[in-house]
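Student: One structure is given below, represented as C-alpha cells, and several questions about it will come after.
The values are calculated or read from the model by the stated rules, or taken from the named source; none is laboratory data. The structure presented is a predicted model; accordingly, all values stated were derived computationally and were not measured. Cβ: placed from backbone, ideal geometry, glycine included. Neighbour counts: every protein chain shown.
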Amino acid sequence: MKLSIVIPCYKTAPFLKEIARRTQETLTDDFEIIFVNDQGPLNDWEIIQELCMKHSFIKGINFSRNFGQHNAIYAGLKEAQGEWVVVMDGDLQDQPEEIPVLMKKAREGYDIVFAKRQNRQDGFFKKLSSKYFYKTLAYLTGTEQNAEIANFGLYHKKVIQAIMEMKDAVRYFPTMVRWVGFKQSSIYVEHASRKEGSSGYTLATLIKLASNVILSFSDKPLRLTVRLGLSISALSVIAVIFYLIQALLGNIKVMGYASLIISIWLLSGITITVLGMVGLYIGKIFDQVKDRPIVIVDEKINCN
C-alpha cells in the first residue's frame with residue numbers, strides 16, 4: 001500500500017530536512033513525500049531541490065508565485081499516487097510520528113481520519129482567532145467545523161478523487177473534505193509547538209480566507225441580507241405608526257419631515273446592503289467563469 005504525504009511549504013525551510021528524516025524513520029511501507037513550494041520568503045525551494053536529489057521518494061513542486069496554502073495542497077493532491085494520502089503542514093506542528101496512529105484508525109473501516117490537535121501548542125491570540133474563525137465559518141457555510149481539526153489527516157484516494165473533481169475557483173481543503181462525505185472519524189494526536197518563525201496566517205489573511213470560503217460554499221449571507229431587509233422594513237412600519245401618531249397629536253411642526261427621513265434611511269440602507277452582498281457574489285461568479293488555472297507550476301522534480 002503506497003502512502004502519499006502532501007506538504008504545502010511556506011517559510012518552512014528550517015523544518016524540511018527533519019520532516020524527511022523523521023518520516024523515513026517512522027514509516028516502513030512504501031511512501032512518497034510531495035513538497036509544494038508556495039514561494040515564501042525563505043529558501044524552501046533550495047532545500048526541496050537538495051532533498052529531491054538525495055531521495056527518490058521525495059517530489060518537489062515549485063509555484064511561479066504565491067498562490068496560497070490550500071491551492072498548494074491541491075497541486076500536491078494532483079500529483080499524489082498513493083492509495084492513501086496524508087495532508088500535513090510543513091512546520092512540524094503536525095508530527096510524522098502520528099501518521100501510523102491515523103493509519104491504524106483507518107483500518108477500522110474509515111475513508112477519512114481527521115487528526116484532532118490535543119493540547120494545541122499555539123499562542124493565545126492564534127487560538128482565539130482560530131476559534132471564532134471556525135465558529136463563523138460553520139454558521140455561514142452550514143457545515144461542521146472544529147477548531148481542533150485543520151488539514152492534518154489521512155484520506156483514501158477515492159476521497160481525493162472526489163475533491164479533485166470539484167471545480168471551485170476558491171479551494172479550502174477542510175470544507176471540501178466535509179462536503180464530499182464518505183465514512184469519517186477523528187482521533188487525538190499530539191500537537192507540537194513551532195520551534196522557529198511564525199505562522200503565515202495573520203488576522204487579515206484569516207478574514208480574507210473566511211470571506212472567500214463563505215461566498216464560495218454558501219448562499220447564507222444572501223438569505224441573511226433578506227432577513228435584514230425584512231427587519232428594517234418592520235422597524236420602519238413601527239416608526240411610521242409612531243410618527244403618524246405624533247403628527248395627529250400635533251407634535252411635529254414641519255410637515256413631511258418624518259416621512260422623508262424614514263424613506264431615505266430605509267431605502268438607502270436596504271439598497272446599499274443588498275447591492276453590496278449581490279456584488280460580492282457576482283465578483284465570485286466572475287472569478288469562476290474566467291476559468292483561470294488554480295495554480296501555475298514553474299518546476300517539478302521527481303514527478304511523473
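Student: Does Asp44 satisfy being touching a Cys at 6+ places or on another chain (Cβ under 9 Å) and either surrounded by fewer than 19 Cβ atoms within 10 Å (Cβ to Cβ) or among the charged types (D, E, K, R) (or both)? Steps first, please.
Tutor: On the way: touching a Cys at 6+ places or on another chain (Cβ under 9 Å): yes; either surrounded by fewer than 19 Cβ atoms within 10 Å (Cβ to Cβ) or among the charged types (D, E, K, R) (or both): yes.
The answer is yes for Asp44.
Student: Hey, another quick one. Within segment 62-106, how many residues turn out to be β-branched (Val, Ile, Thr) and closer than 20 Å to Ile47 by Cα?
Tutor: Count: 2.
Student: Wholly within segment 26-127, which strands (runs of 3 or more DSSP E) include no fewer than the required count, namely at least 1 residues that are of a type outside the set (Lys, Arg) and under 22 Å from Lys158 (Cα atoms)? Don't jump to the end; show me each part of the working.
Tutor: Details: elements: 31-37, 58-63, 84-87, 112-118.
Where strands (runs of 3 or more DSSP E) fall fully within segment 26-127 and carry at least 1 residues being of a type outside the set (Lys, Arg) and under 22 Å from Lys158 (Cα atoms), they are 31-37, 84-87, 112-118.
Student: State all residues of segment 12-25 that are assigned to a loop (DSSP other than H, G, I, E, B) and either within 9 Å of Gly90 (Cβ to Cβ) or free of Cβ contacts under 8 Å to residues at least 60 places away in the same chain (or both); if no residue qualifies, say none. Full working, then the answer.
Tutor: The first filter runs over segment 12-25 and keeps only residues assigned to a loop (DSSP other than H, G, I, E, B), leaving 12-15.
Within segment 12-25, Thr12, Ala13, Phe15 qualify.
Student: Are any residues in segment 12-69 among the small types (Gly, Ala, Ser) and touching a Ser or Thr at 6+ places or on another chain (Cβ under 8 Å), and if so, which ones? Outline the logic, then answer.
Tutor: Filtering segment 12-69 down to residues among the small types (Gly, Ala, Ser) leaves 13, 20, 40, 56, 60, 64, 68.
Once the filter is applied, which keeps residues that are among the small types (Gly, Ala, Ser) and touching a Ser or Thr at 6+ places or on another chain (Cβ under 8 Å), segment 12-69 yields only Gly40.
Student: Residues that are in a helix (DSSP H, G or I), surrounded by 13 or more Cβ atoms within 10 Å (Cβ to Cβ) and at pLDDT 70 or above: does segment 283-301 have at least one?
Tutor: Step one: of segment 283-301, the residues in a helix (DSSP H, G or I) are 283-290.
Filter once more, keeping what is surrounded by 13 or more Cβ atoms within 10 Å (Cβ to Cβ): 284, 287-288.
Narrowing the set further to residues that are at pLDDT 70 or above leaves none.
There is no residue in segment 283-301 that is in a helix (DSSP H, G or I), surrounded by 13 or more Cβ atoms within 10 Å (Cβ to Cβ) and at pLDDT 70 or above.
Student: Would you please list the contacts, defined by Cβ atoms under 6 Å and residues six or more apart or on different chains, that run from a residue in segment 41-62 that is assigned by TED's automatic domain parsing to the domain that holds Phe31 and in contact (Cβ under 8 Å) with a residue 24 or more places away in the chain to a residue that is of a type in the set (Ser, Thr, Tyr) and crowded, with 18+ Cβ neighbours inside 10 Å?
Tutor: Once the first residue is assigned by TED's automatic domain parsing to the domain that holds Phe31 and in contact (Cβ under 8 Å) with a residue 24 or more places away in the chain and sits in segment 41-62, its partners that are of a type in the set (Ser, Thr, Tyr) and crowded, with 18+ Cβ neighbours inside 10 Å give Asp44/Thr12.
Student: Still on this structure, please answer the following. Here is a list of conditions, (1) over 30 Å from Ala169 (Cα atoms); (2) exposed (fewer than 12 other Cβ atoms within 10 Å of the Cβ); (3) modelled with pLDDT of 75 or more, and Gly250 meets all of them except one; can you say which number that is?
Tutor: Just one mismatch for Gly250, condition (3).
Student: Give all pairs with beta carbons closer than 7 Å in which a residue from segment 178-190 that is assigned by TED's automatic domain parsing to the domain that holds Lys157 and within 15 Å of Ala115 (Cβ to Cβ) meets a residue that is among the basic types (Lys, Arg) and not in a strand (DSSP E or B); count only pairs at least 6 apart in sequence or on separate chains.
Tutor: Ser185/Lys105; Ile187/Lys105
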